[in-house]
Amino acid sequence: MARLIPYMLSSFVIGLAVGLWAGSSSRLASQVSANGQKQEAVYEGRPAGFWVRQLQDRAPAFRQQAIQALEQIGPKDEAVVPALAGMLQDRNAGVRMGAALALRRLGPEAGSAVPALIAALKDENQHVRFDAVCALADISPHDEAVLAALVATLQADPSPMVRVRILKTLAEIAPGSSAGLSASREALKDSEPEVCQAAAGALDKIKREAK
């Protein structure tokens, strides 16, 4: 039971964050000066600087709330992407997952976070690693450094869930890639049936796309 407590707490935090995400766009606004010029974007009446500071709150739920707010403000504020990337090192796994998810939703505009996401592929929590894989695929799918990091993680990651996600990602972002083909072939030897199945599917798709 003791082992389940951290997971249950993380699940609660994640659930809370999902609830905060719902309908959040209606709370995003931009301040407009008297002469009609657009000023700093705000979320729930507070600017990005407020939410960046809240990332240091002691409570994971409030840090999650700040992550959600910064995602809504978006990369038009130059402080947002670096702040979210920094949260990939948070002490709470649920918060790190929230940061990876927010960066994924920002897409290619979060390109400066790629090094931090590659580092997150070595996170101790498999769910964080999973979300980092997904974020990298959406942010920088054609980056050779991303491809190399995913292949290396596929070979070393202890989680079948993460290995399956990487194989599916390789099938999507590395059509015709020799590295993707080689990694998928090697994964056919995996000890986990679901990984072998994913490897076969990835190999088939990569081969078809290469023709």
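Worth a mention:
- A count restricted to segment 186-206 and to residues that are surrounded by 14 or more Cβ atoms within 10 Å (Cβ to Cβ) and not hydrophobic (A, V, I, L, M, F, W, C) stands at 5.
- Looking across segment 78-107, just one residue is farther than 20 Å from Asp138 by Cα, in contact (Cβ under 8 Å) with a residue 24 or more places away in the chain and charged (D, E, K, R), and that is Asp90.
Residue-wise test of (1) more than 22 Å from Gln56 (Cα to Cα); (2) among the polar types (S, T, N, Q); (3) in a helix (DSSP H, G or I).
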position: Arg96; (1), (2), (3): no, no, yes
position: Gly107; (1), (2), (3): yes, no, yes
position: Ala110; (1), (2), (3): no, no, yes
position: Ala113; (1), (2), (3): no, no, yes
position: Ile118; (1), (2), (3): yes, no, yes
position: Arg129; (1), (2), (3): yes, no, yes
position: Val133; (1), (2), (3): yes, no, yes
position: Leu136; (1), (2), (3): yes, no, yes
position: His142; (1), (2), (3): yes, no, no
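- Just one of the listed residues (Gly176, Gly180) is on the phi > 0 side of the Ramachandran plot and not polar (S, T, N, Q), namely Gly176.
- Residues that are more than 16 Å from Ala149 (Cβ to Cβ), part of a helix (DSSP H, G or I) and not hydroxyl-bearing (Ser, Thr, Tyr) within segment 169-185 comprise Ala171, Leu181, Arg185, listed in sequence order.
- In segment 129-148, residue surrounded by the fewest Cβ atoms within 10 Å (Cβ to Cβ) [restricted to those that are under 18 Å from Leu181 (Cβ atoms) and of a type in the set (A, V, I, L, M)]: Ala148
Only the coordinates and a few stated rules stand behind these numbers; no lab work does. All values derive from a computational prediction rather than experimental measurement. All Cβ positions, even for glycine, are placed from backbone atoms using ideal geometry, and neighbour counts span all protein chains on display.
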